[in-house]
Amino acid sequence: MNPWGLLAALTAGHFAVPWALHQRLGLGLVVRARGGRGEVALTFDDGPDPETTPAVLAALEAEDVRATFFMLGEKLRRHPELAREVKAHGHEVALHGHHHRHAWLKTPWGPVADLDRALEAYAQVFGERPRFFRPPHGGWTEPFFFAVRARGLVPVQWNLEAGDWVPNKSPEDVARKVLDRLIPGDIVVMHDAGPGGKKSPAALKKLLPELKARGFRPKPLGELRLVTGGPAEWRPRLFAPIEAAFARLYRVEPAFYGAHSILRLAPAALPVDAGPFKKGTPGVELHMDSERMRRAAEAGQLAAFRHAKASMKDLARALKERPHLQQAEVVFGTSLFYEILEPLGFQVAPLPPGYAKRVGYWMYLLHRAYGGRPLKHVEARLVYLSRENLLERYG
C-alpha cells in the first residue's frame, strides 16, 4: 500500500468508522430509554465543580428530581467530598473520563490510559466501580470502545443536547429547546461545570416544573429500561429526515402539549366527500408522529391507545388556541388503523381505490420502519370528526 493509501486507511479507522458507527448510529451504545411511561433521563457532564455543581443540585432538589452525573476523574480527585455529596442526594454517578479531551486528539492508546486513570479515581472516592461511561464530546475510537466494554462499563450516548454551553443561548433558550424537542425515553445531556454549568441551574428552574406539568418523569439512567443502538434503531433514524421534509413541505406542525402527545396537524381542505361534509371543506388534517407513537407502543397496545385518546385533548386545545385553525370545520386523516379511531368518535369513509392503496402502502412502510408488526391489509380509509364534536368531547 502506498503512503497515501495507508494514511487514508488509518484516518478511516481512527475517525470515520467510529464516528459513523458509534456517534451517528449508536452501535453498541445506550441511545435512549423505552418511552411508554413518559420517563426521561437528565444527565450532567464535566463535574464536579464547587462553583457550579451545588446550584445544579439545589435546582434538582427543589423539584425532587434525580439525575445522572458523568464525572471527570481529575475533578473527582480534586473534589471528592462534593462528588460524595452528589451521590448522597440520591443522584447516580457515572464516569466521563479523566481529562476532558476528545479521543481523536489523543494517541491510539491514550483514551484507554485515560479511562484507567478515571476508574482509579472513581474507586478511590466511592470504593466501587461505575456502571455507565460517556466519553468527552461523545468521541470514540474502536480500541477505546472495546476497552470500555472489556472493563464492564455500559457506554452511553445522548439523543437530545440542551445546548447550555452555547455562548449566545440564554437559560430560557435552553429550557425551551428541551421542552420543544423532548420525547419520552430521551436522554438529555446538560452540564454542571464549565460554561454550561453556569447556565444550567437557571434553565432547570424553568424546565423542571414544566416537565412535570407535561407528564414527563425524569429518572436516573439506572432506573430506566435502556435501549442499545442497533438495526431496530437505525430504521427510524433513516426515515426521520424524510418525515421532517414532508412536514416542512405540507406545513405539518406538532400538537404536543404533554408527554403523551402523538399527533401532528396541518390546515387542509377535505379531499373527498365525507358524511355531511363536502370535498373542499376547510379542515385540519391529522398526522401521527411515528417516533412518539413507536415509543408509546413500547408499553403495549393499550398504552398506545391511551396516548391516542389523551392526544385528543391536545388537538382540541390547538384548535381553540391557534388563530390559523379557527376556520376549520372538520378534523380528518387517512389511516390504516381506522377501527381503533372509531371509539374516539371518528367516522370512517372510503377513499378512491388507487389513492387508498398508494397511501396505504406508504403508511405500511412507515409502520414497519418504526417497528410495527405485519398487517393483514394495507388499504387506508378516511377518518373524520366535526370540529364541534371534537371540542364537545375533548375541549
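Some points to look at:
- Restricting the stretch 197-223 to residues that are under 17 Å from E161 (Cα atoms) and of a type in the set (G, A, S), the residue that is surrounded by the fewest Cβ atoms within 10 Å (Cβ to Cβ): A202
- Qualifying residue in the stretch 319-336 (condition: in contact (Cβ under 8 Å) with a residue 24 or more places away in the chain, within 20 Å of Q301 (Cα to Cα), assigned to a helix (DSSP H, G or I) and of a type in the set (S, T, Y)): no
- Of all residues in the stretch 260-276, none satisfies being in a helix (DSSP H, G or I), of a type in the set (S, T, Y) and buried (at least 17 other Cβ atoms within 10 Å of the Cβ).
- Restricted to the stretch 232-243, and to residues there that are in contact (Cβ under 8 Å) with a residue 12 or more places away in the chain and aliphatic (A, V, I, L, M), the residue that is surrounded by the most Cβ atoms within 10 Å (Cβ to Cβ) is A240.
- Out of G333, G371, sole residue that is over 20 Å from A247 (Cβ atoms) and not acidic (D, E): G371
- Some residue of the stretch 106-117 being assigned to a helix (DSSP H, G or I) and aromatic (F, W, Y): no
- For the stretch 293-311, the condition of being surrounded by fewer than 14 Cβ atoms within 10 Å (Cβ to Cβ), assigned by TED's automatic domain parsing to the domain that holds V383, touching a Gly at 6+ places or on another chain (Cβ under 8 Å) and not polar (S, T, N, Q) holds for at least one residue.
- The test for being within 17 Å of M363 (Cβ to Cβ), touching a residue at least 12 places away in the same chain (Cβ under 8 Å), in the same structural domain as L325 (by TED's automatic domain parsing) and part of a helix (DSSP H, G or I) does not hold for F246.
The rows are residues; the columns are (1) more than 28 Å from G185 (Cα to Cα); (2) modelled with pLDDT of 95 or more; (3) polar (S, T, N, Q).
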{"residue": "I262", "(1), (2), (3)": "no, no, no"}
{"residue": "L286", "(1), (2), (3)": "no, yes, no"}
{"residue": "K309", "(1), (2), (3)": "no, no, no"}
{"residue": "R317", "(1), (2), (3)": "no, yes, no"}
{"residue": "V331", "(1), (2), (3)": "yes, yes, no"}
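- For the criterion of being in a loop (DSSP other than H, G, I, E, B) and surrounded by 17 or more Cβ atoms within 10 Å (Cβ to Cβ), D164 passes.
- Filter result for W158 (touching a Pro at 6+ places or on another chain (Cβ under 7 Å), among the aromatic types (F, W, Y) and in a loop (DSSP other than H, G, I, E, B)): no
- Taken together, P195, P209 contain a single residue that is assigned by TED's automatic domain parsing to the domain that holds G47, closer than 24 Å to L72 by Cβ and in a helix (DSSP H, G or I), which is P195.
- Selection from the stretch 83-111 of residues that are at pLDDT 95 or above, aliphatic (A, V, I, L, M) and buried (at least 19 other Cβ atoms within 10 Å of the Cβ): A83, V86, V93, A94, L95
- Subset of the stretch 384-395 (residues that are touching a residue at least 60 places away in the same chain (Cβ under 8 Å) and either crowded, with 21+ Cβ neighbours inside 10 Å or of a type outside the set (S, T, Y) (or both)): Y384, R387, L390, L391, R393, G395
- Condition check for L72 on (1) touching a strand residue (DSSP E or B) at 6+ places or on another chain (Cβ under 9 Å); (2) surrounded by fewer than 23 Cβ atoms within 10 Å (Cβ to Cβ): one failure, at (2).
The values are calculated or read from the model by the stated rules, or taken from the named source; none is laboratory data. Since we're looking at a predicted model, the values are computed, not measured. All Cβ positions, even for glycine, are placed from backbone atoms using ideal geometry, and neighbour counts span all protein chains on display.
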